[in-house]
1. Considering region 255-286 alone, what residues qualify as being crowded, with 17+ Cβ neighbours inside 10 Å, of a type in the set (G, A, S) and more than 30 Å from C157 (Cα to Cα)?
2. Take the residues in region 94-134 that are of a type in the set (G, A, S) and either open to solvent by 20 Å² or more (accessible area, probe 1.4 Å) or in contact with a Pro (Cβ under 8 Å, 6 or more places away or on another chain) (or both), then tell me which one is nearest to G297 (Cα to Cα).
3. Step by step: first the residues of region 118-143, then only those that are in contact with a Leu (Cβ under 7 Å, 6 or more places away or on another chain) and of a type in the set (G, A, S), then the one that is nearest to N99 (Cα to Cα). Which residue is that?
4. Return the residues of region 193-237 that are open to solvent by less than 60 Å² (accessible area, probe 1.4 Å), within 26 Å of Q82 (Cβ to Cβ) and hydrophobic (A, V, I, L, M, F, W, C); say none if nothing qualifies.
5. I'm checking my understanding of the structure. Among residues of region 343-383 that are of a type in the set (D, E, K, R) and open to solvent by 50 Å² or more (accessible area, probe 1.4 Å), which one is modelled with the lowest pLDDT?
6. Closer than 24 Å to A119 by Cα, among the charged types (D, E, K, R) and at pLDDT below 90: does that describe K261?
7. Say we look at region 240-254 and pick out the residues that are of a type in the set (A, V, I, L, M, F, W, C) and open to solvent by less than 20 Å² (accessible area, probe 1.4 Å); which of these is nearest to the chain's Cα centre (by Cα)?
Amino acid sequence: LQGIFVLGLPYALLHSGYSGLFLIILAAALCCYTGKILIACLYEENEDGQLIRVRDTYEDIANACCKKLSPKLGGIVVNVTQVMELIMTCILYLVASGNLLSHSFPYVPVTEKTWTVIAFVTLLPCVFIKTLKIVSKLSQLCSLVHFIVILVVMTYCLTQIHQWSWAKFRLSIEFEDFLVSVGVIIFSYTSQIFLPTLEGNMKNPGEFRCMLNWTHFFACVLKTTFALTAFLTWGEETKEVITDNLPSFLQTLVNLCLLTKALLSYPLPFFAATEIVYACISRGNHSNYRSPLFALGVRGSFLVLTLLMAMFIPHFALLMGLTGSVTGAAMTFLLPSLFHLKLKWKKLSFLEKCADISVFILGFLCSLAGIVCSIKGLLEVFE
């Protein structure tokens, strides 16, 4: 919930003004709500009225909803969407790495795409990751680096408090820019694909709802504070990746920290995506598809795919907005509300049904508009 993509939030405020602050809060509330209803879909009441966990994954929920049409249709849709989001996340880490390296060493006569390739080379060992043990250790280091970066940026912004002016905020906004900002903000909150596994591994799953409330509350406070202080510091000069606004003596240090964070963050979504694909392919009785060599081929193919995509779409905020609009909205708003309505319709109150339907409609409209505007923005950049 508090990853590298918070660096795009000040840029989102630049294009959304006061409404952006409201969106950060609204997105936190909606994502917290859809997280709860998604987990509710894992449970069914037994004859004694007790809730029993009868499903384990997002895929199981989707299959339960679509079993009358096709036993595996829902799972296929969810898996494809999950893989798209995870791969897009990997691509974003590569794009960010190239951007950070180019700004850290501006005097080196190397293009941003070349820096992206250099960052990619350091990620080649990812093809040999077979378990989450290594990934978890990398993630611990990643969290430490993240807090250092946020602390440095916030401290610098507070030293410039004498230059702050609320007049920098827009009252009128461009509709298309606003919709791209919606995608950026949504993507910074997406965590639903990890929630079923997280809840299933909790020592006391009964505390899940309380945990979700507190984590989203603190994430909202941190995101709002960070985005607001950064935007008030730089105003109209706010860049796509906020660390590019820092003075040179801080920028190199922070950018190298962020580069470390981006590279350490890459293995988790990469591992999750390749495991989903490998599990789907090897689910049958084909022994050839369960060999270590085949698994290595799958991971290698995905690694190369992320590099190629990062080379062709080297625009951090626009790509994040597109990802948030496509997969983020689907996994965070559309599918949880749709599945909840399908599985719990008879037990839901009128207000709960209205809430789910409202979330679905809002998610659909934001997703559709965000897709159109993000693609249009990317086309304009290429032209």
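The values are calculated or read from the model by the stated rules, or taken from the named source; none is laboratory data. Because the structure is predicted, anything quoted here is derived from the model rather than measured. Quick reminder, even Gly has a Cβ in these numbers, built from the backbone with ideal geometry, and neighbours come from all protein chains shown. The protein model used for the area step is the full one, side chains on, heavy atoms only, and it has no ligands, DNA or RNA in it. Shrake-Rupley method; radii C 1.70, N 1.55, O 1.52, S 1.80 Å.
1. Matches in region 255-286: A272, A273, S282.
2. Checking each candidate, the answer is G98.
3. A119
4. Hits for region 193-237 are I193, L195, M202, F208, M211, L212, A219, C220.
5. Filtering first and then ranking leaves E383.
6. Numbers: closer than 24 Å to A119 by Cα: yes; among the charged types (D, E, K, R): yes; at pLDDT below 90: yes.
Judged against the criteria, K261 is a match.
7. Across region 240-254, the extreme among qualifying residues is V241.
Rundown of residues vs (1) open to solvent by 40 Å² or more (accessible area, probe 1.4 Å); (2) in contact with a Leu (Cβ under 8 Å, 6 or more places away or on another chain), yes/no style:
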| site | (1), (2) |
| --- | --- |
| L7 | no, yes |
| Y11 | yes, no |
| A29 | yes, no |
| K67 | yes, no |
| G75 | no, no |
| V80 | yes, no |
